[in-house]
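The values are calculated or read from the model by the stated rules, or taken from the named source; none is laboratory data. Since we're looking at a predicted model, the values are computed, not measured. So basically every Cβ, Gly included, is an ideal-geometry build from the backbone, and we count neighbours across all protein chains shown. These area figures cover heavy atoms from the full protein model, side chains too; ligands, DNA and RNA do not enter into them. Shrake-Rupley method; radii C 1.70, N 1.55, O 1.52, S 1.80 Å.
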Amino acid sequence: MNLKDKVVVITGAGSGIGAATAKLFGAHKAIVVVSDINLERAENVAGEIRNDGGRALALATDVTQFEQVKELLQKVIEKYSSLDVMVNNAGIGGKKQAKTADHSLDDWHNVIAVNQTGVFYCMKLAIQHMLKQGYGNIVNVASLAGLKASGNNLSYSASKFAVVGMTKSAALEYGRKKIRINAVCPGFTHSALLEQLLAVSPDMGDKLKRMIPMGRFGEAEEIAEAICWLASENSKFITGQTITLDGGTSL
């Protein structure tokens, strides 16, 4: 994968899949903008990339705030004069697992704000820049919960189904403008969200693994490989697609 000198912005890059993706882009000699609501975590990831000989910049961004997303991309354009790849990874889960009738209003509003509205803000503004430069590539991080039913998880499922729909709609709109837009749909992957699920009960990990034909959880680095591939010229005839990385759970 030739990603050298590509300017890549990754949201939610301070931990988990976002951090793994940032480091992999860095290893491929891309210029990585590590964006996270937590600047300290973003700085730590950017520092690791630089220590390994890569180029990285850390910026704090709350994707639920349109003006902050706008400022993020303006800073990137001002500093690097282009935006080659936008990875919309920032996401959260609800604080409580509950059926629809018991789903909290706070969880609904907070999860939708980050996972759905935040992706919309980033796509809207990134596409505007990409149209001006005549090309671009967007990879959205959706979820297996955006492809199949996920009980006791309504806001998360709704937001991830929305990300899949937004990916396909925008890819259709901008395919002739040399802007490719795809999504990855991870299954149960080692991350803060998985840790939240595992905390529900001591045997939750074993229960979840029994649902996975491969018998294990995914690794953040495995999701990062797919994201980098979609961002590269190796996948140049692919747009509007979802790549499912779930160990066979959706079979």
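Numbers below:
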quantity	calculated
Proximal aspartates and glutamates relative to Lys99, as straight alpha-carbon distance under 19 Å, when same-chain residues fewer than 8 apart are discounted	Asp107
Three-way shape label, the range 175-251, alpha-carbon gyration tensor, a/c 1.5	prolate
Inter-centroid distance (Cα atoms) of the range 146-197 relative to the range 58-90, Å	20
Whole-number accessible area per residue in Å² for the chain, which is evaluated in the context of all protein chains at 1.4 Å	48
Partners for Lys177 among aspartates and glutamates (Cα-Cα distance below 18 Å; same-chain residues under 8 apart left out)	Asp84, Glu233
Given Lys70/Lys178; Lys4/Lys178; Lys96/Lys160; Lys124/Lys236; Lys29/Lys70; Lys23/Lys96, the pairs whose alpha carbons are separated by over 24 Å	Lys29/Lys70; Lys23/Lys96
Heavy-atom accessible surface of the chain: percent carbon and sulfur, 1.4 Å	52
Burial ranking of peptide ranges 44-56, 111-123 (average Cβ count within 10 Å, highest at the top)	111-123, 44-56
Residue of Ile227, Ile127, Ile77 that the Gaussian network model of the chain assigns the largest fluctuation, springs spanning Cα pairs under 10 Å	Ile77
GNM result for the chain, Cα springs below 10 Å: residue of Lys160, Lys23, Lys236 fluctuating most strongly	Lys236
Three-way shape call for the range 3-86 based on the alpha-carbon gyration tensor, with the a/c threshold at 1.5	oblate
Rounded to whole Hz, the Karplus (6.51, -1.76, 1.60) HN-Hα couplings of the range 107-115, x for glycine and proline	4, 4, 5, 5, 5, 5, 4, 7, 6
